[in-house]
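See below for the structure under consideration.
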Amino acid sequence: QVQLVESGGGLVQPGGSLRLSCAASGSIFSINAMGWYRQAPGKQRELVATITSGGSTNYAASVKGRFTISRDNAKNTVYLQMNSLEPEDTAVYYCNAIVRTNLLANFMDYWGKGTLVTVSS
């Protein structure tokens with residue numbers, strides 16, 4: 001089994017910053033892409049940012065230039081630096097990883113339980 005544990009959420013004022021972390025653990029042979037998704041109240045889950053094992057990144061248009069995704073492959077950890085936060089960024093943020101548990105296994109999607117980010121004055 002693979003576990004993803006997020007941390008770093010909380011309450012922040014508009015214009016402020018937060019850094020989310022997500023550590024993957026368990027039966028990990030290799031990790032392909034890792035990413036962050038978010039779900040605001042009453043809305044569908046949406047992509048925020050992804051990063052491949054080689055470091056290629058992809059961002060939602062709404063966060064480009066404000067958020068930065070990075071990863072530490074040695075620690076199986078992905079980060080999301082969020083700057084210039086806006087009330088519209090309020091959501092539960094979920095970590096995602098595409099993981100292979102052994103050489104013969106297929107890559108599978110794993111999700112964390114989420115961490116709440118609230119942007120409010």
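The values are calculated or read from the model by the stated rules, or taken from the named source; none is laboratory data. In this text, all values refer to a predicted model and were calculated from it rather than measured experimentally. Positions of Cβ are generated from backbone atoms using ideal geometry, with glycine treated the same way; all protein chains shown enter the neighbour counts. All accessible areas refer to the heavy atoms of the entire protein, side chains included, with ligands and DNA or RNA removed. Shrake-Rupley method; radii C 1.70, N 1.55, O 1.52, S 1.80 Å.
Observations on the structure shown:
- Selection from the range 13-43 of residues that are over 24 Å from residue 107 (Cβ atoms) and either more than 18 Å from the chain's Cα centre (by Cα) or in a loop (DSSP other than H, G, I, E, B) (or both): 13, 14, 15, 16, 17, 40, 41, 42, 43
Per-residue answers, yes or no, for (1) of a type in the set (A, V, I, L, M, F, W, C); (2) touching a Phe, Trp or Tyr at 6+ places or on another chain (Cβ under 7 Å); (3) modelled with pLDDT under 95; (4) within 18 Å of residue 71 (Cβ to Cβ):
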| position | (1), (2), (3), (4) |
| --- | --- |
| 1 | no, no, yes, no |
| 5 | yes, no, no, yes |
| 14 | no, no, no, no |
| 20 | yes, yes, no, yes |
| 23 | yes, no, no, yes |
| 33 | yes, no, no, yes |
| 37 | no, yes, no, yes |
| 45 | no, yes, no, no |
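- Within the range 77-115, the residues that satisfy the criterion of being part of a loop (DSSP other than H, G, I, E, B) and open to solvent by 60 Å² or more (accessible area, probe 1.4 Å) are 84, 86, 102, 103, 104, 106, 107, 113.
- Of all the criteria given as (1) free of Cβ contacts under 8 Å to residues at least 60 places away in the same chain; (2) farther than 18 Å from residue 120 by Cα; (3) loosely packed, with under 14 Cβ neighbours inside 10 Å, the one not satisfied by residue 41 is (2).
- Candidates are the residues of the range 51-76 that are in contact (Cβ under 8 Å) with a residue 40 or more places away in the chain and not charged (D, E, K, R); the one that is surrounded by the most Cβ atoms within 10 Å (Cβ to Cβ) is 76.
- Where residue 12 falls short, out of the listed (1) in contact with a Leu (Cβ under 7 Å, 6 or more places away or on another chain); (2) open to solvent by 50 Å² or more (accessible area, probe 1.4 Å); (3) among the aliphatic types (A, V, I, L, M): (2)
- Identity of the residue in the range 87-107, of a type in the set (A, V, I, L, M, F, W, C) and modelled with pLDDT under 95, that ends up nearest to residue 70 (Cα to Cα): 107
- Just one of the listed residues (49, 91) is among the small types (Gly, Ala, Ser) and touching a Lys or Arg at 6+ places or on another chain (Cβ under 7 Å), namely 91.
- Checking each residue in the range 44-71 for being within 13 Å of the chain's Cα centre (by Cα) and not β-branched (Val, Ile, Thr) picks out 45, 46, 47, 49, 58, 59, 60, 67, 70, 71.
- Close pairs from the range 1-13: first touching a residue at least 40 places away in the same chain (Cβ under 8 Å), partner open to solvent by 90 Å² or more (accessible area, probe 1.4 Å), Cβ under 6 Å, at least 6 apart: 8/19; 9/116; 13/121
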